[in-house]
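The values are calculated or read from the model by the stated rules, or taken from the named source; none is laboratory data. Not measured: the values here are computed from a predicted model. In this analysis, Cβ positions are derived from the backbone assuming ideal geometry, glycine residues included, and neighbour counts consider all displayed protein chains.
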Amino acid sequence: MIDNRFIEKFKALETPFYFYDFDLLRRTLDEVKQESSKYGYIVHYAVKANANDALLKVIRDAGMGADCVSGNEVAKAIEIGIPREKVAFAGVGKSDKEIRTALENDIFSFNCESIPEIEVIDELAGEAGKVAPVAIRINPDVDPQTHEYITTGLKDNKFGINHWDFDEVGRRLRSLKNIRLTGIHFHIGSQITDISVFEQLSLKVNKIQEWFVENGFHLEHINVGGGLGINYEKPEEEPIPDFKSYFKAFHDNLELQPGQQLHFELGRSLVAQCGHLISRVLYVKKGLETQFMILDAGMTELIRPALYKANHKATNLSSNGELVKYDVVGPICESSDTFSRGTLMPVAKRGDLVALHSAGAYGESMASTYNMRDMVRSYNSDELLK
Ligand code: LLP
């Protein structure tokens, strides 16, 4: 999965670090563009998945827009050179400062999640002498069949506006003068591997759109968020997710009005498979019934296993000896700092390089310095081959 040319380079580098394969990233972006442009769909990259500067530049060069969830992400997207008219700003708790940043930058859309937020955006836009383009994030109550911590579109989730509030929202939209309704927005969850979930979402969107049409609102765009999952178990078999079936599910089920644009906000599916967390074995230690492989990378670099019991496939890049069962753990003072248990891997020794795969999304962007560790570094294939 990782070319030998890179493994040779890793030997001289201090671990742990993220390694991004930009060749795979570019091929993934090409595939997305090819499949989405068949239907004229517009794709924004969900910056939260990975805000690494070099990676963002590759995404900018592919012509993607940006989906941001903080004022700093909005500022970063614009600094990198993503056109402001392709920047959307979502999130349940936008602060006044963040709203002002976005207003100053004349972004494409504020994806609004509550009536009080709409009122604040109206007020701040008035102060700035602007009319803010607003899309209403709607909670469609569709079960994405994924981990409860990354489910966002059920009626008891904190995200979006529920259908019983539509009349009230309609009244505000008609009366407030400094906002302009441009669209509706949805995002039901992440790591969704069952395509029929997107078919259900499309059918729900059709129903919801009817309400807006009946109430005299014209929607320029519909944004269906992100959520397409990736193959964590066998990344080598599926380095590029099935974008073809994904976009087709919307094309076959979601009814657009004439001239209406369909937008997407993909994070994980664009960047997960191009990223690997590279670490070294510090110690191999005998436990009661198991052997611990203690890495120099831990939950500070990759928190997903501790937080969601996520599985990231591990490969020993330095050994192909006989297979032994290991509990693969990090150095942090928490029992949850465990990458996997009872994993069959080639016999390991101190100093072996170990890669944790499918780590390009929500890896580096969720890293911390807990235990006063250094913030994780990163390298990409372009710079290592220079
Ligand atoms: N749009 C909105 C409004 C979102 O909240 C998200 C992700 C996305 C788009 C991008 O979703 P994606 O295509 O990446 O599924 N930290 C978790 C994932 C949290 C996702 C949050 N929202 C993880 O490591 O699995």
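Condition (residue is away from the ligand (no atom under 15 Å from the Cβ) and assigned to a loop (DSSP other than H, G, I, E, B)) applied to the stretch 56-66: is it met by at least one residue? Scanning the stretch 56-66 turns up at least one residue that is away from the ligand (no atom under 15 Å from the Cβ) and assigned to a loop (DSSP other than H, G, I, E, B). Pairing residues of the stretch 198-212 that are farther than 12 Å from Ile138 by Cα with residues that are buried (at least 21 other Cβ atoms within 10 Å of the Cβ) and among the aromatic types (Phe, Trp, Tyr), at Cβ distances under 7 Å and at least 6 apart in sequence or on separate chains, gives Phe198/Tyr246; Phe198/Phe250; Ser202/Phe250.
Scanning the stretch 170-203 for residues that are farther than 16 Å from Phe243 by Cα, modelled with pLDDT of 95 or more and β-branched (Val, Ile, Thr) returns Ile179, Thr182, Ile184.
The sole residue among Pro239, Pro235 that is touching a residue at least 60 places away in the same chain (Cβ under 8 Å), surrounded by fewer than 22 Cβ atoms within 10 Å (Cβ to Cβ) and within 16 Å of the ligand (Cβ to nearest atom) is Pro235.
Are any of the residues in the stretch 74-97 within 13 Å of the ligand (Cβ to nearest atom), touching a Lys or Arg at 6+ places or on another chain (Cβ under 8 Å), assigned by TED's automatic domain parsing to the domain that holds Ile222 and over 24 Å from Leu256 (Cβ atoms)? Within the stretch 74-97, one or more residues are within 13 Å of the ligand (Cβ to nearest atom), touching a Lys or Arg at 6+ places or on another chain (Cβ under 8 Å), assigned by TED's automatic domain parsing to the domain that holds Ile222 and over 24 Å from Leu256 (Cβ atoms). Among the criteria (1) hydrophobic (A, V, I, L, M, F, W, C); (2) modelled with pLDDT of 95 or more; (3) more than 18 Å from the chain's Cα centre (by Cα), the one Val87 does not fulfil is (3). The combined condition, being surrounded by fewer than 16 Cβ atoms within 10 Å (Cβ to Cβ) and within 13 Å of the ligand (Cβ to nearest atom), is not fulfilled by Glu168. Screening the stretch 9-51 for residues that are aliphatic (A, V, I, L, M) and assigned to a helix (DSSP H, G or I) and picking the one that is surrounded by the fewest Cβ atoms within 10 Å (Cβ to Cβ) gives Leu24. The requirement of being within 16 Å of the ligand (Cβ to nearest atom), out of contact with any Lys or Arg (no Cβ under 9 Å at 6 or more places or on another chain) and of a type in the set (Ser, Thr, Tyr) is satisfied by Tyr246.
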